[in-house]
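Each reported figure results from applying straightforward, stated rules to the coordinates on display, with no laboratory input. Being a predicted model, the structure only gives us computed values, none of them experimental. As a convention, Cβ positions derive from the backbone with ideal geometry for all residues, glycine included, and neighbour counts pool all protein chains shown.
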Amino acid sequence: MCWSNATLFYGLWVTTASLNFAATAHKATRPTVLAIDLIISRRRRGKLEIEGQEEKTTARQLPEEVWELVKDELLGVEIRKAELDTLDALRCTFCTERDSGVYDCECCSLRPAQLVQMEDGHLWSRWGQPRCPDAACIEGVWRSGITWLRNKEQLSDISSLLSHHRLTLASEQMWHEDPKLFDEDFESLSAIAHPLQSTNAPSDTFPTVCADDIHNGEVTAKADAVFGLTPEALALPLDADHRFARLVFKYRLLLVDRTKSTICPIDETKDELPLLDQPVTSNPKLSGDDSSAKKDGQAPSLFAEGEPRWMLWSLAESCL
Ligand SMILES: [Zn+2]
Ligand SMILES: [Zn+2]
């Protein structure tokens with residue numbers, strides 16, 4: 001069945017891999033982070049009780065900033081661990097043995113196993129195309145479906161991470177630069193959105209206008225669907241941008257700007273008022289006040305790369 005959908009959302013795009021690793025790390029660090037938050041909270045209220053420590057070195061003396069650094073460090077370690085665990089699960093037997101120094105290959109056997117492990121480029125240790133002599137690692141990637149599928153556990157982990165920041169996935173669909181190479185696309189993207197709901201769908205589903213079955217066998221038909229928008233749906237909470245910034249910065253998400261064009265209002269005052277008298281808002285994002293760009297006759301730069309914004313995402317799949 002052919003389908004086409006359109007999603008209006010306020011948000012941004014991140015690489016699917018960085019989101020997956022962040023979600024796994026979020027789950028792994030929850031118990032420890034909650035414990036540290038409890039320590040911080042009790043310390044603030046002067047109710048932190050320490051047992052079995054020397055008086056001069058108690059956790060009571062550690063300032064809050066140190067606890068925050070501990071949390072951040074822990075998260076960084078877990079995000080990297082999630083990446084390495086993923087690669088370990090996909091790596092072929094040959095590469096696993098070679099990388100652990102077991103395999104007697106001319107390049108590895110001359111050096112201690114530990115040294116081989118540490119050398120970036122030999123070991124497949126960064127998310128991306130594997131360096132495998134007989135393409136067995138990439139076969140593991142194809143079999144796993146990791147570049148285009150998400151299992152229930154992954155979706156639940158992602159949902160938990162995003163809802164913790166009062167955000168959501170705009171769609172479970174990923175975006176591929178080249179749709180034909182979806183099964184080995186290490187750079188696929190996911191859209192993160194400020195949560196919205198529609199009146200005719202469950203509240204945990206992000207609203208998408210979907211037109212199904214455009215084409216059916218020999219007959220070419222048209223289908224459409226229209227959704228309305230309440231003014232409240234377009235009114236963002238004051239901390240909307242802060243939510244995105246906190247998530248992206250804390251969880252080391254890799255941002256990608258993939259908008260092709262920006263919709264902006266027609267300047268109706270242009271022909272009526274001299275240039276200097278034109279009303280300009282104090283927010284450069286709203287006014288598009290980039291005089292140098294205007295002089296060159298180009299569209300003003302409205303957004304910094306990766307900055308959250310309203311976007312209209314159209315996606316279609318043909319059965320042909
Ligand atoms: Zn391999
Ligand atoms: Zn079709």
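Filter the cross-link list Lys27/Lys81; Lys27/Lys250; Lys152/Lys180; Lys47/Lys250 down to pairs whose alpha-carbon distance in this structure exceeds 19 Å. All intermediate terms of the calculation are to be shown ahead of the outcome.
Details: Lys27/Lys81 13 Å; Lys27/Lys250 14 Å; Lys152/Lys180 25 Å; Lys47/Lys250 28 Å.
Going by Cα-Cα distance, Lys152/Lys180; Lys47/Lys250 fall outside the 19 Å limit.
What shape does the stretch 123-251 take by its C-alpha gyration tensor, where a ≥ b ≥ c are the square roots of the eigenvalues and a/c under 1.5 counts as rounded, a/b above b/c as prolate, and the rest as oblate? Spell out each step's value before the answer.
Values: a/c = 2.71, a/b = 1.25, b/c = 2.16.
Taking the square roots of the gyration eigenvalues as a ≥ b ≥ c, the stretch 123-251 is oblate.
Among 24-30, 230-236, how do they line up by average Cβ neighbours within 10 Å per residue, starting with the highest? Numbers along the way, then the final one.
Numbers: 24-30: 19.3, 230-236: 10.0.
Ranked by mean Cβ neighbours within 10 Å, highest first: 24-30, 230-236.
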